[in-house]
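Asker: The structure that follows is given in the form of structure tokens.
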Amino acid sequence: MPDRIKKIGVLTSGGDSPGMNAALRSVVRTCAYHNIICVGIYRGYQGMIEGDFKEMNARSVNNIINKGGTILKSARSTEFRTREGREKAYDNLKAEGIDAFVVIGGDGSFTGAMIFSEEYSFPVMGIPGTIDNDIFGTNFTLGFDTALNTVVDAIDKIRDTASSHNRLFFVEVMGRDVGHIALNAGVGAGAEEILIPEEDLGLERLLDSLKRSKRSGKSSSIVVVAEGDKIGKNVFELKEYVEENLLDYDVRVSVLGHMQRGGTPSCFDRVLASRMGVKAVESIIEGSTNYMVGVIDDKMVLTPLEKAIKGHTKIDVELLRVSDIMTT
Ligand code: F6P
């Protein structure tokens, strides 16, 4: 760690999420506030390898707090996974006089940061930016709240057409390994069933539940399915299965896809991003490295990157129970 931090780099990496721009704005302005030069690193680690740098000042981040995506661009760099790639990145950082960097991204981006930091004793700090909310050490990742609102809004619209035609809809939402989006948006949108990677509901239970819904007088239904659902069937296979086994159901599928990652960040994500950016820069100034900033019980905290990557976020079992009760 240098005696005094004079220049901090900042990059966004991996899948983008709403709130990344707000976090960038916060990092840049906190640097300006503490008289530290801030350098934007474009296109994630790939830009670091190629020296795609641009100095940023408080005015470079005007009017981005409300913008989805990331003005720094993002990438998943395979070259950074190699020793040669990381060496090029290190040489560029040194040539630019960058003393530390803040990476805004998910667990893959943090793994890269951790390896790099250990190899070159280079100070790094992570800000969790992913809609999946699957990072240990924070109650909320940037973009999760916005994505939930996007999904709920989409399902509300699907419900209108489902109910007009007495149809059953399988709605697939993002979440390759975790069901936080499916569970929370499912409860928020009043889904009849929610299928998540953490729980194997079983196809029989799904059929029983749909039959029960029909008997209880429901004419249309929404089933929210996380991409990585444990039943092992994708939404199209689920549609076929239900059509074969419940003949009186007219079934449709809607895959929400990448629209869940876009859009204007919610107020919650903007505030969280602003707090995380300040905490990240000030923690570097105080001499912390190899941590991720997070919010737990509304307090800003630091978690070692290694723990953030390896720790597992747990599904909220009480919320699962709430969902069961709501589908009565
Ligand atoms: O941002 C995380 C995530 O949304 C996952 O839920 C999803 O599986 C993945 O990104 C898809 O990302 P990409 O299409 O960029 O590979």
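The values are calculated or read from the model by the stated rules, or taken from the named source; none is laboratory data. Fair warning: this is a prediction, and the values are worked out from it, not measured in the lab. Cβ: placed from backbone, ideal geometry, glycine included. Neighbour counts: every protein chain shown. Note: accessible area is taken over every heavy atom of the protein model, side chains too, but ligands, DNA and RNA are not part of it. Shrake-Rupley method; radii C 1.70, N 1.55, O 1.52, S 1.80 Å.
Asker: Check whether at least one residue in the range 269-286 is surrounded by fewer than 16 Cβ atoms within 10 Å (Cβ to Cβ) and outside any helix (DSSP H, G or I), and report yes or no.
Answerer: Yes: one or more hits.
Asker: Within the range 72-95, track down each residue that is open to solvent by 60 Å² or more (accessible area, probe 1.4 Å) and at pLDDT 95 or above. Before the answer, list the steps.
Answerer: So in the range 72-95, the residues open to solvent by 60 Å² or more (accessible area, probe 1.4 Å) come out as 73, 76, 78, 81, 83-84, 87-88, 91, 94-95.
Lys73, Thr78, Arg81, Arg83, Glu84, Glu87, Lys88, Asp91, Lys94, Ala95, listed by residue number.
Asker: Okay, next question. Would you confirm, using the coordinates I've provided, whether Ile181 is under 22 Å from the mean Cα position of the chain (by Cα), in a helix (DSSP H, G or I) and surrounded by fewer than 19 Cβ atoms within 10 Å (Cβ to Cβ)? Let's see the steps before the verdict.
Answerer: Numbers: under 22 Å from the mean Cα position of the chain (by Cα): yes; in a helix (DSSP H, G or I): yes; surrounded by fewer than 19 Cβ atoms within 10 Å (Cβ to Cβ): no.
Criteria not met by Ile181.
Asker: Next question. Could you tell me how many of the residues in the range 110-156 are open to solvent by 10 Å² or more (accessible area, probe 1.4 Å), among the small types (Gly, Ala, Ser) and within 16 Å of the ligand (Cβ to nearest atom)?
Answerer: So the count comes out to 2.
Asker: Could you tell me which residue of the range 10-39 is farthest from the ligand (Cβ to nearest atom), considering only residues that are within 21 Å of the chain's Cα centre (by Cα) and more than 19 Å from Cys267 (Cα to Cα)? Outline the logic, then answer.
Answerer: Narrowing the range 10-39 to residues within 21 Å of the chain's Cα centre (by Cα): 10-27.
Retained after the next criterion (residues that are more than 19 Å from Cys267 (Cα to Cα)): 10-15.
Values: Val10: 19, Leu11: 16, Thr12: 12, Ser13: 11, Gly14: 7, Gly15: 3 Å.
So the residue we want is Val10.
Asker: Additional query: Checking the conditions here, which among Leu246, Leu203 is open to solvent by 20 Å² or more (accessible area, probe 1.4 Å), among the hydrophobic types (A, V, I, L, M, F, W, C) and either away from the ligand (no atom under 16 Å from the Cβ) or not assigned by TED's automatic domain parsing to the domain that holds Glu172 (or both)? Please lay out each step first, then the result.
Answerer: Numbers: Leu246 fails: open to solvent by 20 Å² or more (accessible area, probe 1.4 Å).
Checking each option against the conditions leaves just Leu203.
Asker: Just the residues that are away from the ligand (no atom under 16 Å from the Cβ) and under 17 Å from Glu192 (Cβ atoms), please, taken from the range 214-232.
Answerer: Within the range 214-232, the subset away from the ligand (no atom under 16 Å from the Cβ) is 214-223, 231-232.
Across the range 214-232, the qualifying residues are Lys214, Arg215, Ser216, Gly217, Lys218, Ser219, Ser220, Ser221, Ile222, Val223, Ile231.
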